[in-house]
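The values are calculated or read from the model by the stated rules, or taken from the named source; none is laboratory data. Bear in mind the structure is a predicted one, so any value in this text is a computation, not a measurement. Note: ideal-geometry Cβ built from the backbone for every residue, glycine included; neighbour counts use all protein chains shown.
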Amino acid sequence: MGGNGCFMAKTTLWVCIGKHCKEDGSKKTRNTLRDLVQAQGLEDAIEVDTCNCLGKCGKGPVIRIEPGGERVKRISGKKCEAFLEAAQTGTLGRFRKQ
């Protein structure tokens, strides 16, 4: 990530669009994350994509971070900016505890 974060290789944020996550607003989360990545010029470091169920139904929207496979839950549209910053700085702790 352009030298100012902890992303070394291209990172993919997989946003679950399974039934329950979709009901919890995962499409808005995906769109917000994509907009933030673009606005911050991070397209070379971070990709935002969608996937099917990540198995945390009822705790969505759920995001899997690759490489590494870490899953975080309840990342609603309004939490996206803080989540993206935490992911870049390696400080996802508060998102793991939700």
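Among (1) in a loop (DSSP other than H, G, I, E, B); (2) over 23 Å from Lys22 (Cα atoms); (3) touching a residue at least 24 places away in the same chain (Cβ under 8 Å), which single condition is Gln88 missing?
Only one criterion in (1) in a loop (DSSP other than H, G, I, E, B); (2) over 23 Å from Lys22 (Cα atoms); (3) touching a residue at least 24 places away in the same chain (Cβ under 8 Å) is unmet by Gln88, namely (1).
Please determine whether any residue of the stretch 56-77 is assigned to a helix (DSSP H, G or I) and either modelled with pLDDT under 85 or surrounded by 14 or more Cβ atoms within 10 Å (Cβ to Cβ) (or both).
yes
I'd like the full set of residues that are polar (S, T, N, Q) and surrounded by 15 or more Cβ atoms within 10 Å (Cβ to Cβ), limited to the stretch 32-55.
Here is the first cut: in the stretch 32-55, the residues polar (S, T, N, Q) are 32, 38, 40, 50, 52.
Those that are polar (S, T, N, Q) and surrounded by 15 or more Cβ atoms within 10 Å (Cβ to Cβ): Thr32, Gln40, Thr50.
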